[in-house]
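Structure, as structure tokens:
The values are calculated or read from the model by the stated rules, or taken from the named source; none is laboratory data. Quick caveat: nothing in here was measured; it's all calculated off a predicted structure. Virtual Cβ from ideal backbone geometry, glycine too; neighbours counted across all protein chains shown.
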Amino acid sequence: MRPLMRSLSFFRADWPRGLATLGMLAVSTGLGLLKPWPLAWIVDSFLGHRPLPEPLAAWLGSPGSPRQLTLLVALLAALHWGHAGASALQNGSIILIGLRGLARVRRAIFDGLLRLSLKRQQNLETGDLIYRATWDACAFQTLVQHGVFTSIAASVGVVSMTLVMMQLNGRLTLVALATVPILVWGIRGFSARMGRLAGEAQSADAGIATSVQQLLAALPLVQSFTRERSEAERFQQRTERSLATRWSQHRTEVLYLAVVAGILAAGTAAIAWTGATEVAAGRLAVGHLLVFLAYLGQLYEPLNQLSNVGATVSVARAGTGRVLEFLDAASGGPAEGTLDSSRVAAPPEIRFETVVAGYREGNPVLKQFDLTIPAGETVAIVGPSGAGKTTLLSLVSRFLDPDSGRVMFGGVDVRELRLEALRVLVAWVPQEPILLPGTVAENIGFGRAGASREEIVSAARAAHADEFIQRLPSGYDTQVGDGAARLSSGEKQRLNLARAFLKRAPVLLLDEPTSALDSESEALILESLRAWSKGRTVMMVAHRLRTLSVANRIVVVRDGTLLEQGTREDLVARGGYFATVLENG
């Protein structure tokens with residue numbers, strides 16, 4: 001029940017509309033109970049000349065009169081129109097509640113993505129996340145529309161029809177209700193299997209979405225190494241798995257619906273035989289039999305709906321379960337501190353105190369790591385791949401939290417600061433340039449909300465990006481598009497640097513900022529970094545010797561530990577790792 005209540009909590013804000021919908025349901029049910037009676041009175045009174053109930057006789061006139069027929073037909077039409085209108089209002093309200101809840105679910109997923117820690121993100125596939133946000137989220141709408149409201153409407157229909165049918169003929173009613181325990185048995189027997197198969201099918205479909213996303217990200221690589229055939233074979237395997245799981249799911253659903261239809265058919269046949277014998281024995285009028293058969297349809301329709309709810313809810317629970325699983329993972333992101341940025345001096349000192357950190361349990365990247373970076377110093381971090389260089393930068397911005405130890409920021413543990421307060425103090429340039437769909441100006445302006453065009457241009461000039469931007473078709477208003485296919489890697493990196501410069505943060509984190517630049521562009525960028533780093537604390541992952549010239553100190557990291565540190569001249573003189581591997585490499 002707990003996952004169900006969590007799923008329904010997304011619809012809590014619409015409870016007034018839900019109550020109004022239940023009111024419409026009551027009206028619709030009442031009109032549905034009245035619908036068959038005008039036809040019964042036409043058969044028994046107008047055609048059969050039987051007397052009508054006393055309250056109606058005076059209003060409708062004598063049996064067989066034209067006035068009686070006209071009023072009965074008008075009443076029949078009014079009841080049908082009223083029932084159709086009430087049902088339409090009810091269904092429209094239910095759909096709106098479902099859509100509003102779906103919007104809340106998708107917002108929660110997006111908020112979860114914004115909170116997702118780097119450690120959690122690396123354990124999730126992008127395609128799977130997209131599938132959960134787009135398709136699995138729809139399961140919440142299905143759950144409330146077809147699970148909750150259909151169940152309530154069908155249950156009310158079954159109870160009300162049963163009570164009225166008992167008044168008409170108890171024997172026929174008992175025959176009709178004999179199918180209920182068999183239906184319950186069928187629902188219970190199939191429900192668990194359908195839910196399990198639905199979960200497997202959704203996971204398989206998410207794998208297809210992941211394959212497409214991965215191919216788009218690596219298409220040039222696949223084509224350059226002529227791996228199209230092997231990638232197609234891998235995709236074929238995933239589609240075959242999806243086909244197999246979906247076929248198992250739908251085959252079970254078809255069998256389930258066939259069993260339900262067979263049970264209801266047997267009940268209808270039993271009612272037809274029993275009803276005919278009751279009329280033949282004179283215990284039931286033909287008109288009343290028509291009413292009973294109409295009620296039987298209205299009884300079996302909600303029973304059929306309840307049986308379908310079993311299949312629908314089983315599938316929906318698989319989708320909601322996958323979304324709730326993600327939301328639980330996202331809630332394990334960085335915990336919010338309480339302190340604001342006023343507690344941190346600018347520029348701040350950064351200190352790592354016996355830090356152990358990694359992306360998988362039991363496999364730390366940094367091991368008892370200690371390092372102090374005084375305020376206003378520029379430190380270059382070097383070392384082999386996988387040594388923990390990028391992990392150090394991630395710890396400062398709390399993309400990752402240490403498993404043990406502390407990261408101090410201006411004398412304050414970063415976990416005590418509010419995330420926004422911490423990150424507003426940090427500008428970050430990733431190793432792989434990131435550009436968003438939009439204009440060049442919008443991409444640079446992403447660094448600081450509300451920045452003027454003059455400030456954006458100034459930051460671009462500082463990053464030596466203004467010259468190539470002016471050559472673009474629309475200058476700063478050029479659309480770079482998804483993936484920024486029109487720009488070279490070096491141009492993308494310079495836009496990333498301009499974005500960081502625009503932020504004017506007291507801490508600058510650079511992950512190999514010149515790796516994608518040619519020698520001329522690198523020289524210009526380094527000149528800008530020398531000017532920009534004054535009065536700021538800078539941590540820069542670097543490999544190129546020219547890039548190291550910007551740093552006041554070089555820190556060598558290897559196997560997650562601090563191997564050596566000092567100026568370039570000091571490290572060369574020591575003849576250690578830096579001198580033998582990096583300087584001479």
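Here region 483-493 is the region considered, the condition is being polar (S, T, N, Q) and surrounded by fewer than 21 Cβ atoms within 10 Å (Cβ to Cβ), and the residue that is farthest from residue 532 (Cα to Cα) is 488. Is it true that residue 78 is farther than 23 Å from residue 329 by Cα, surrounded by fewer than 18 Cβ atoms within 10 Å (Cβ to Cβ), among the aliphatic types (A, V, I, L, M) and at pLDDT 80 or above? Considered against the rule, which asks whether it is farther than 23 Å from residue 329 by Cα, surrounded by fewer than 18 Cβ atoms within 10 Å (Cβ to Cβ), among the aliphatic types (A, V, I, L, M) and at pLDDT 80 or above, residue 78 comes out as yes. In the set (1) surrounded by fewer than 17 Cβ atoms within 10 Å (Cβ to Cβ); (2) closer than 30 Å to residue 363 by Cβ; (3) at pLDDT 85 or above, residue 585 fails one condition alone, (3). Taking region 338-410 and the strands (runs of 3 or more DSSP E) fully enclosed by it, the elements with 2 or more residues that are over 20 Å from residue 556 (Cα atoms) and assigned by TED's automatic domain parsing to the domain that holds residue 541 are at 404-409.
I'm checking my understanding of the structure. Among residues of region 284-334 that are outside any helix (DSSP H, G or I) and under 30 Å from residue 173 (Cβ atoms), which one is modelled with the lowest pLDDT?
Checking each candidate, the answer is 284.
Is it the case that some residue within region 418-432 is closer than 25 Å to residue 502 by Cβ and free of Cβ contacts under 8 Å to residues at least 12 places away in the same chain? Yes: region 418-432 contains one or more residues that are closer than 25 Å to residue 502 by Cβ and free of Cβ contacts under 8 Å to residues at least 12 places away in the same chain.
Criterion first (in contact (Cβ under 8 Å) with a residue 12 or more places away in the chain, touching an Asp or Glu at 6+ places or on another chain (Cβ under 6 Å) and either hydroxyl-bearing (Ser, Thr, Tyr) or loosely packed, with under 13 Cβ neighbours inside 10 Å (or both)) does residue 268 satisfy it? Considered against the rule, which asks whether it is in contact (Cβ under 8 Å) with a residue 12 or more places away in the chain, touching an Asp or Glu at 6+ places or on another chain (Cβ under 6 Å) and either hydroxyl-bearing (Ser, Thr, Tyr) or loosely packed, with under 13 Cβ neighbours inside 10 Å (or both), residue 268 comes out as no. If a residue has to be farther than 16 Å from residue 153 by Cβ and either in a helix (DSSP H, G or I) or among the β-branched types (Val, Ile, Thr) (or both) to count, how many in region 12-39 make the cut? Qualifying residue count for the region: 9.
Only one of the listed residues (356, 396) is surrounded by 21 or more Cβ atoms within 10 Å (Cβ to Cβ) and touching a strand residue (DSSP E or B) at 6+ places or on another chain (Cβ under 9 Å). That residue is 396.
In region 432-482, of all residues being at pLDDT below 90 and of a type in the set (Val, Ile, Thr), the one that is surrounded by the fewest Cβ atoms within 10 Å (Cβ to Cβ) corresponds to 434. As an exercise: evaluate residue 540 against (1) farther than 22 Å from residue 569 by Cα; (2) surrounded by 24 or more Cβ atoms within 10 Å (Cβ to Cβ) and give the number of the one condition it does not meet. With respect to (1) farther than 22 Å from residue 569 by Cα; (2) surrounded by 24 or more Cβ atoms within 10 Å (Cβ to Cβ), residue 540 is out only on (1).
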